[in-house]
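Just below is one structure, and these are the notes that go with it.
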Amino acid sequence: MKKESIFEAMENDIINAKIDEVEKNKLLKNVMRMKEQKINIMITGTTGCGKSSTINALFDTEVAKVGVGVDPETMEIEKYELDNLILWDTPGLGDGKEADNRHAKNIIKKLAEVDNKGNALIDLVLVILDGSSRDLGTSYELINNVIIPNLGEDKENRILVAINQADMAMKGRNWDFNENKPNDKLKEFLEEKVRSVKNRIYEGTGVSVEPIYYSAGYKEEGEVQNRPYNLSKLLYYIVKATPANKRVVYVDNINSDESMWKDDDELLDYGKETRQSVFDSIVEGASEGADVGERIGGIFGTAGKKVGRIIGGAIGAVVGFLGGIFG
Ligand SMILES: Nc1nc2c(ncn2[C@@H]2O[C@H](COP(=O)(O)OP(=O)(O)O)[C@@H](O)[C@H]2O)c(=O)[nH]1
Ligand SMILES: [Mg+2]
């Protein structure tokens, strides 16, 4: 049996709400419109940086093949469609001159695509850097010369730079394998990496990005999954960079394995922030133009429950509506 989607939950909530029929119809219409929204994310970076591992860690599916020795010559953009969430797994640079030219052309073409409303198809580009590599030259080339110049306006909000394999940044040294987190020395090293990546991009393009570091985790044949680190932070940044009216798309597709979201730098309660921001944008989108005022908080009980379950949220936890947009 297919589980109830967030949209079905919202529709049921509206049908059962104690509001008049006119407002009900307005809300249902809004949900219908929300159902048609698609989010397109380009995930790019050098072969082996961890694009496939990151996709599989973030989302509730194992769509992306994790490669050991894939042939870069035959690699082109792979498309994964998870409901309304569309991922474009895109080879970056570093595969040799000829392949790189082709990759760059493919990226530029994809970034120039528009949807049926004339808006850029790609909402967000996630560039993954290999944190275990000392030479990030090809990544800077990719970001500064291929991606950023082709992002159109609003560049800052359409690119996210994330440094993966934080566990291997010092060849595995200074990683606390029991706690699954970096010790202070490695933390310092990673923070320095973040600063230097930020500077190199700013110097090259004038665009100011906020890189983060994380580990997608990994799974060896026949062994247990090594848990990710800061995956919750990565998702929080992805959600924040997603236009508010499209955030609903994540609810049905986030990896439901709680252990994936456990370990992070705890600078923020990323799960809570993400759930709240997704829920607020859902309520805002659903109630647009409807006169339901104060009652809005009580309407989306089941939908709130569904949102409450994402990113390691306690089963059954209900996210409450903050009411900020009406206050
Ligand atoms: N130690 C460690 N290995 C990783 C991490 N992310 C990916 N890997 C490994 O790096 C290799 C390449 O990853 P893959 O996802 O196929 O990279 P892609 O070519 O960018 O799609 C695989 O062996 C992964 O298991 C990580 O965060 N830490
Ligand atoms: Mg891959």
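A few remarks follow.
- Filtering region 123-168 to residues that are away from ligand 2 (no atom under 16 Å from the Cβ), assigned to a helix (DSSP H, G or I) and of a type in the set (A, V, I, L, M, F, W, C) leaves I143, V146, I147, I148, A166, M168.
- Candidate set from region 63-75 (those that are among the charged types (D, E, K, R) and within 12 Å of ligand 2 (Cβ to nearest atom)); member that is modelled with the lowest pLDDT: D71
A quick yes/no check of all residues on (1) within 16 Å of ligand 1 (Cβ to nearest atom); (2) within 13 Å of the chain's Cα centre (by Cα); (3) free of Cβ contacts under 8 Å to residues at least 40 places away in the same chain:
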| residue | (1), (2), (3) |
| --- | --- |
| N164 | yes, no, no |
| N174 | yes, no, yes |
| E192 | no, no, yes |
| G217 | yes, no, no |
| Q225 | yes, no, yes |
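- None of D257, D252, D184 is acidic (D, E), over 29 Å from N145 (Cα atoms) and open to solvent by less than 40 Å² (accessible area, probe 1.4 Å) except D252.
- Condition check for G92: within 15 Å of ligand 1 (Cβ to nearest atom), farther than 26 Å from E113 by Cα and modelled with pLDDT of 90 or more: no
- Selection of region 1-14 for residues being under 14 Å from A286 (Cα atoms) and out of contact with any helix residue (DSSP H, G or I) (no Cβ under 7 Å at 6 or more places or on another chain) yields only E8.
- Looking only at region 40-67, and only at residues there that are polar (S, T, N, Q) and assigned to a strand (DSSP E or B), the one that is farthest from ligand 1 (Cβ to nearest atom): N40
- Inside region 115-137, residues that are over 18 Å from the mean Cα position of the chain (by Cα), open to solvent by less than 60 Å² (accessible area, probe 1.4 Å) and either over 18 Å from V194 (Cβ atoms) or aliphatic (A, V, I, L, M) (or both) make up a count of 3.
The values are calculated or read from the model by the stated rules, or taken from the named source; none is laboratory data. Please read all numbers here as calculations on a predicted model, not as lab measurements. Here Cβ is always computed from backbone atoms with ideal geometry, including for glycine, and neighbour counts include all displayed protein chains. Side chains are part of the model used for accessible areas, which takes the heavy atoms of the whole protein and leaves out ligands, DNA and RNA. Shrake-Rupley method; radii C 1.70, N 1.55, O 1.52, S 1.80 Å.
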